[in-house]
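Participant: Below is the structure I would like to discuss, written out as structure tokens.
The values are calculated or read from the model by the stated rules, or taken from the named source; none is laboratory data. Predicted model, so just to flag it, every value in this text is computed and none were measured. Note: ideal-geometry Cβ built from the backbone for every residue, glycine included; neighbour counts use all protein chains shown.
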């Protein structure tokens, strides 16, 4: 069976870190993915991971941290046993408005990743839906980010691709050579799960998992990360999602 990972951001509103990692391990996850706030106490994080026999091969890092203090990002990643440093987001005010701006951002991202790559780590970008907006020349921002051999790998959030009006399977195929990780996330039927921002437990929403996972399995994708942006019950989400995903 695939060793599924769990994005700890899904449980940010719940119980202490130690309880969350214990819950995740009991659900059958072997790996977890970190987000920025967890790096404030590395001793605590290391201890809790070890106590639950969990590994942390990937982590999300703020672009500013990677750009301004790359050695700090590398130190965190290596201490926690990561193989990949992923930049997850760009604030709305910082998003370019045209193709020229996105090409410049791609160059910026590539430059930020050089120290990470030199340290023997993978450097990647995680998408939301705004990377699929059509620009004036017909391009998509994600194409511009990934268009060249700039060292930037891809963690494809499959549900955000669908929210962006695109086919997750087609984007998996398009950037198979750059795909290092996928976020397994699901979208609730229209009008359902409103209190959870319209997201569903993986395998309990509208995503076409058969088609999508068939495409993913034909790539060298290494990490399969479960995520829900706003679950009302993280235990329910963790349990139901890994059970469903194990049958994909």
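Participant: Determine if the stretch 65-80 includes at least one residue that is within 19 Å of the chain's Cα centre (by Cα) and within 17 Å of residue 223 (Cα to Cα).
Facilitator: Yes, the stretch 65-80 has at least one match.
Participant: Tell me, yes or no, whether the stretch 186-206 has at least one residue that is surrounded by 18 or more Cβ atoms within 10 Å (Cβ to Cβ) and part of a helix (DSSP H, G or I).
Facilitator: No, that holds for no residue.
Participant: Another question about this same structure. Take the conditions buried (at least 17 other Cβ atoms within 10 Å of the Cβ) and without any contact (Cβ under 8 Å) to a residue 24 or more places away in the chain and apply them to residue 174. Does it pass?
Facilitator: yes
Participant: Could you check, for the stretch 108-125, whether at least one of its residues is crowded, with 17+ Cβ neighbours inside 10 Å, in contact (Cβ under 8 Å) with a residue 60 or more places away in the chain and not in a helix (DSSP H, G or I)?
Facilitator: no
Participant: Can you tell me which residues in the stretch 208-228 are touching a residue at least 60 places away in the same chain (Cβ under 8 Å) and either surrounded by 18 or more Cβ atoms within 10 Å (Cβ to Cβ) or touching a helix residue (DSSP H, G or I) at 6+ places or on another chain (Cβ under 7 Å) (or both)?
Facilitator: Answer for the stretch 208-228, where residues must be touching a residue at least 60 places away in the same chain (Cβ under 8 Å) and either surrounded by 18 or more Cβ atoms within 10 Å (Cβ to Cβ) or touching a helix residue (DSSP H, G or I) at 6+ places or on another chain (Cβ under 7 Å) (or both): 223, 224, 225, 226, 227, 228.
Participant: Taking into account only those residues within the stretch 6-17 that are in contact with a helix residue (DSSP H, G or I) (Cβ under 9 Å, 6 or more places away or on another chain), touching a residue at least 40 places away in the same chain (Cβ under 8 Å) and outside any loop (DSSP other than H, G, I, E, B), which is surrounded by the fewest Cβ atoms within 10 Å (Cβ to Cβ)?
Facilitator: Within the stretch 6-17, the match that is surrounded by the fewest Cβ atoms within 10 Å (Cβ to Cβ) is 9.
Participant: It is to be established whether one or more residues within the stretch 10-27 are at pLDDT below 95 and within 20 Å of residue 240 (Cβ to Cβ).
Facilitator: Yes.
Participant: Scan (1) within 16 Å of the chain's Cα centre (by Cα); (2) assigned to a loop (DSSP other than H, G, I, E, B) for the single condition residue 136 breaks and write down its number.
Facilitator: Evaluating residue 136 over (1) within 16 Å of the chain's Cα centre (by Cα); (2) assigned to a loop (DSSP other than H, G, I, E, B) leaves (1) as the failure.
Participant: Do we have residue 154 as free of Cβ contacts under 8 Å to residues at least 40 places away in the same chain, touching a strand residue (DSSP E or B) at 6+ places or on another chain (Cβ under 6 Å) and not in a loop (DSSP other than H, G, I, E, B) here?
Facilitator: When the stated conditions are applied, residue 154 passes them.
Participant: Considering only the stretch 198-208, how many residues are over 13 Å from residue 234 (Cα atoms) and within 18 Å of the chain's Cα centre (by Cα)?
Facilitator: Selection size over the stretch 198-208: 2.
Participant: Which of (1) under 25 Å from residue 56 (Cα atoms); (2) touching a residue at least 12 places away in the same chain (Cβ under 8 Å) is the odd one out, the single condition residue 233 does not satisfy?
Facilitator: Condition (2) is where residue 233 drops out.
Participant: Among the residues of the stretch 61-83, are any in contact with a strand residue (DSSP E or B) (Cβ under 8 Å, 6 or more places away or on another chain), surrounded by fewer than 17 Cβ atoms within 10 Å (Cβ to Cβ) and modelled with pLDDT of 95 or more?
Facilitator: yes
Participant: If you don't mind, another one. Would it be correct to say that residue 2 is part of a helix (DSSP H, G or I) and either touching a strand residue (DSSP E or B) at 6+ places or on another chain (Cβ under 9 Å) or surrounded by 16 or more Cβ atoms within 10 Å (Cβ to Cβ) (or both)?
Facilitator: Spelling it out, it is not the case that residue 2 is part of a helix (DSSP H, G or I) and either touching a strand residue (DSSP E or B) at 6+ places or on another chain (Cβ under 9 Å) or surrounded by 16 or more Cβ atoms within 10 Å (Cβ to Cβ) (or both).
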